[in-house]
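Okay, handing you the structure first.
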Amino acid sequence: MSRTARRGIERPPAFIYREQRSGLLRRKSESLALFCDEIPLQRLADSFGTPLYVYSATAIRERLQIFRHAFRRVPHTICYSVKANSSLGILRLIGAAGCGFDVVSGGEMERVLRVDRCAAKRVVFSGVGKTSEEMTAALKVRILLFNVESESELWALAECAARSKEKARIALRVNPDVPANTHPYISTGLQQHKFGVPIGEARKLYAQAAGNRYLEVAGVSVHIGSQISEVDPFSAAMERVADLVRELRRDGHRIDYIDAGGGLGIAYDQSESDDFEVSAGEYAEGLLRPLRGLRVHLLLEPGRAIVGPAGALLTHVLYRKTNKDKKFVVVDAAMNDFLRPSLYEAYHEIVPLRFRKQDALEKVDVVGPVCESGDFFARDRALPVTSEGDVFAILDAGAYGMALASNYNTRPRPAEVLVDGGSVRVIRRRETISDLLRGES
Ligand code: LLP
């Protein structure tokens, strides 16, 4: 644990251990307390209950700033990928920082419009299965760009545009057939994946699109996957896209935009280095090198890299139990609240809200109450010995945490709070069982 705790102390800036002073004499307490910005997390757990998602507004703003700085040399728009965390409070914060949005459904688009009616001009719409209703709604608010993923979709979009008497600005999402070293479920840039049109067939489709008066060819888009920590796959994909853009321009198309997608990974295991300035800088360099001399407006769709490390899930220990020599810590959060460990066997740091240097370690499985053996947050993990009632923070849960939460086992989803320096705002109240039953008969 000392390793984790030390890392915790060093961990800038969202969740850090600090010394706490208490009593009349303001004596230093023996234990360190985990804070989000200026707020001790134990106070949030006491006030709002658990499971509870906590986000640092400061960290989100700072990460956006770092990301933007990395691309400062080229015209670009950050279209934050809404799927990573679509809570209105988070979207409002990101919109206020001047970002656009990448949406993949009518529902996500509606969320964006709820926080800012004028944001449509900064919205790109991706996804392999857009319905006519969704495309028509997006045409009506005149979004920036449709990232079209198949020939059939192209004609369906043209039809919707004709019916709406609007022109659809399009990019084809090309599949560059580039491998990315990530979990197979979130790798998208290979020919065997359902995403995009094969890059070799793109020119033909662009030519057809250009002949339709309801379609306006405007860009090329690509996204090779998520949680990618090496730069080379991004560069390789960009090289192919850059070649295509040159060809398309020779063919007479006007290509103003390249949408580079998202996918930049974060360090979930704190033994890996997590200097975002460095990783964002290398990522930008890797994307921009192949684009030199092209003069395009770059669209970027980061999700995880912006919100992942800015969020944690607080959960308290319900029970301790042992099955022979196996020790379990049963917590009140479960796979329905936070799916990543169950779905991808993803590693997340789990740290206690109060930490004493002298605390002994024990190897435990941290598991939830859902009736599946796959309902775990950690297996055989060395954690400080905890008692029932103690609270843990599951770190780096800001992306694909609440967004993937469900009501499995008829469990209401957690509340979410946004901390901004010394202030705390509930951005989503805890669901109730009545919320869940509403709409059923
Ligand atoms: N753009 C497109 C077209 C995408 O499909 C995605 C993610 C992104 C942008 C944002 O990628 P990011 O920057 O967040 O890596 N549930 C999984 C991740 C699924 C990602 C799906 N697409 C997880 O928890 O790891």
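The values are calculated or read from the model by the stated rules, or taken from the named source; none is laboratory data. Just so we're clear, the structure is a prediction, and the values are computed from it rather than from any experiment. A quick note on method: Cβ atoms are made from the backbone with ideal geometry, for glycine too, and the neighbour counts reach across all protein chains shown.
Suppose the filter is in contact with a Gly (Cβ under 8 Å, 6 or more places away or on another chain) and either under 17 Å from ASN175 (Cα atoms) or not assigned by TED's automatic domain parsing to the domain that holds TYR400 (or both); does ILE224 pass it?
Details: in contact with a Gly (Cβ under 8 Å, 6 or more places away or on another chain): yes; either under 17 Å from ASN175 (Cα atoms) or not assigned by TED's automatic domain parsing to the domain that holds TYR400 (or both): yes.
Considered against the rule, which asks whether it is in contact with a Gly (Cβ under 8 Å, 6 or more places away or on another chain) and either under 17 Å from ASN175 (Cα atoms) or not assigned by TED's automatic domain parsing to the domain that holds TYR400 (or both), ILE224 comes out as yes.
Scan region 295-340 residue by residue and report those that are among the β-branched types (Val, Ile, Thr) and either within 24 Å of PHE234 (Cα to Cα) or surrounded by 24 or more Cβ atoms within 10 Å (Cβ to Cβ) (or both). Reasoning before the result, please.
First, pick out the residues of region 295-340 that are among the β-branched types (Val, Ile, Thr): 296, 306-307, 315, 317, 322, 329-331.
Answer for region 295-340, where residues must be among the β-branched types (Val, Ile, Thr) and either within 24 Å of PHE234 (Cα to Cα) or surrounded by 24 or more Cβ atoms within 10 Å (Cβ to Cβ) (or both): VAL296, ILE306, VAL307, THR315, VAL329, VAL331.
Scan region 162-175 for residues that are surrounded by fewer than 22 Cβ atoms within 10 Å (Cβ to Cβ) and in contact (Cβ under 8 Å) with a residue 12 or more places away in the chain and jot them down. So that I can check it myself, show each step before the final result.
Here is the first cut: in region 162-175, the ones surrounded by fewer than 22 Cβ atoms within 10 Å (Cβ to Cβ) are 162-167, 169.
If the condition is that a residue be surrounded by fewer than 22 Cβ atoms within 10 Å (Cβ to Cβ) and in contact (Cβ under 8 Å) with a residue 12 or more places away in the chain, then ALA162, ARG163, SER164, GLU166, LYS167, ARG169 are the ones that fit.
Here is a follow-up. Would you mind telling me which numbered condition in (1) surrounded by 15 or more Cβ atoms within 10 Å (Cβ to Cβ); (2) within 30 Å of PRO302 (Cα to Cα) GLY422 fails?
Status for GLY422: all satisfied but (1).
Here are ASP359, ASP325: which of them is touching a Pro at 6+ places or on another chain (Cβ under 6 Å) and over 26 Å from GLY127 (Cβ atoms)? Even if it seems obvious, please write down each step before you answer.
Details: ASP325 fails: touching a Pro at 6+ places or on another chain (Cβ under 6 Å).
Being touching a Pro at 6+ places or on another chain (Cβ under 6 Å) and over 26 Å from GLY127 (Cβ atoms) holds for just one of ASP359, ASP325, which is ASP359.
Test ALA209 against the stated conditions and say whether it is in a helix (DSSP H, G or I) and either surrounded by 22 or more Cβ atoms within 10 Å (Cβ to Cβ) or among the small types (Gly, Ala, Ser) (or both).
Numbers: in a helix (DSSP H, G or I): yes; either surrounded by 22 or more Cβ atoms within 10 Å (Cβ to Cβ) or among the small types (Gly, Ala, Ser) (or both): yes.
Answer is yes for this residue.
Related question: Would you call VAL115 within 14 Å of the ligand (Cβ to nearest atom) and either within 24 Å of ILE186 (Cα to Cα) or surrounded by fewer than 22 Cβ atoms within 10 Å (Cβ to Cβ) (or both)? Talk me through it step by step, then tell me what you get.
On the way: within 14 Å of the ligand (Cβ to nearest atom): no; either within 24 Å of ILE186 (Cα to Cα) or surrounded by fewer than 22 Cβ atoms within 10 Å (Cβ to Cβ) (or both): yes.
No; evaluated as a whole, the condition is false for this residue.
Continuing with this model, one more query. How many residues, within region 128-144, are more than 25 Å from the chain's Cα centre (by Cα) and exposed (fewer than 13 other Cβ atoms within 10 Å of the Cβ)?
3
Between residues in region 387-403 that are in contact (Cβ under 8 Å) with a residue 24 or more places away in the chain and part of a strand (DSSP E or B) and residues that are more than 11 Å from the ligand (Cβ to nearest atom) and aromatic (Phe, Trp, Tyr), which pairs lie under 8 Å by C-beta distance while being six or more apart or on different chains?
ALA393/PHE15; ILE394/PHE377
Could you please find all residues in region 273-285 being among the charged types (D, E, K, R) and touching a residue at least 12 places away in the same chain (Cβ under 8 Å)? Steps first, please.
Residues of region 273-285 that are among the charged types (D, E, K, R), as a first pass: 274-275, 277, 282, 285.
Listed by number, the residues that qualify are ASP274, GLU277, GLU282, GLU285.
Let me ask something additional. Give just the number: which of (1) modelled with pLDDT of 95 or more; (2) under 29 Å from GLU30 (Cα atoms); (3) not hydroxyl-bearing (Ser, Thr, Tyr) does LEU339 not satisfy?
(2)
While we're here: Is it the case that some residue within region 99-111 is within 23 Å of LEU298 (Cα to Cα) and surrounded by fewer than 17 Cβ atoms within 10 Å (Cβ to Cβ)? Talk me through it step by step, then tell me what you get.
Residues of region 99-111 that are within 23 Å of LEU298 (Cα to Cα), as a first pass: 99-105, 108-109.
Filter once more, so that each one left must be surrounded by fewer than 17 Cβ atoms within 10 Å (Cβ to Cβ): none.
No: region 99-111 contains no residue that is within 23 Å of LEU298 (Cα to Cα) and surrounded by fewer than 17 Cβ atoms within 10 Å (Cβ to Cβ).
Determine, yes or no, whether ALA405 is within 16 Å of the ligand (Cβ to nearest atom), closer than 20 Å to PHE48 by Cβ and in contact with a Lys or Arg (Cβ under 7 Å, 6 or more places away or on another chain). Steps first, please.
On the way: within 16 Å of the ligand (Cβ to nearest atom): yes; closer than 20 Å to PHE48 by Cβ: yes; in contact with a Lys or Arg (Cβ under 7 Å, 6 or more places away or on another chain): yes.
Yes, satisfied.
Separate question: Go through (1) assigned to a helix (DSSP H, G or I); (2) buried (at least 21 other Cβ atoms within 10 Å of the Cβ) for GLU201 and report which single condition fails.
Status for GLU201: all satisfied but (2).
Return the pairs, sorted by first residue and then second, in which the second residue is of a type in the set (Val, Ile, Thr) and surrounded by 21 or more Cβ atoms within 10 Å (Cβ to Cβ), the first residue lies in region 138-158 and is more than 15 Å from SER221 (Cα to Cα), the beta carbons are less than 9 Å apart, and the residues are 6+ apart or on different chains.
Here the result reads ALA138/VAL103; ALA138/VAL123; VAL141/VAL123; ILE143/VAL103; ILE143/VAL123; ILE143/VAL124; LEU157/VAL148; LEU157/ILE170, each pair linking region 138-158 to a residue that is of a type in the set (Val, Ile, Thr) and surrounded by 21 or more Cβ atoms within 10 Å (Cβ to Cβ).
Does region 157-178 include one or more residues that are assigned to a helix (DSSP H, G or I), modelled with pLDDT under 95 and either of a type outside the set (A, V, I, L, M, F, W, C) or in contact with an Asp or Glu (Cβ under 6 Å, 6 or more places away or on another chain) (or both)? Lay out the reasoning, then the answer.
Initially, region 157-178 is screened for residues assigned to a helix (DSSP H, G or I), giving 157-164.
Subset that is modelled with pLDDT under 95: none.
No.
With GLU247, GLU239, GLU230 as the choices, which residue is within 16 Å of the ligand (Cβ to nearest atom) and either at pLDDT 95 or above or not in a strand (DSSP E or B) (or both)? Show your work before the answer.
Details: GLU247 fails: within 16 Å of the ligand (Cβ to nearest atom); GLU239 fails: within 16 Å of the ligand (Cβ to nearest atom).
Checking each option against the conditions leaves just GLU230.
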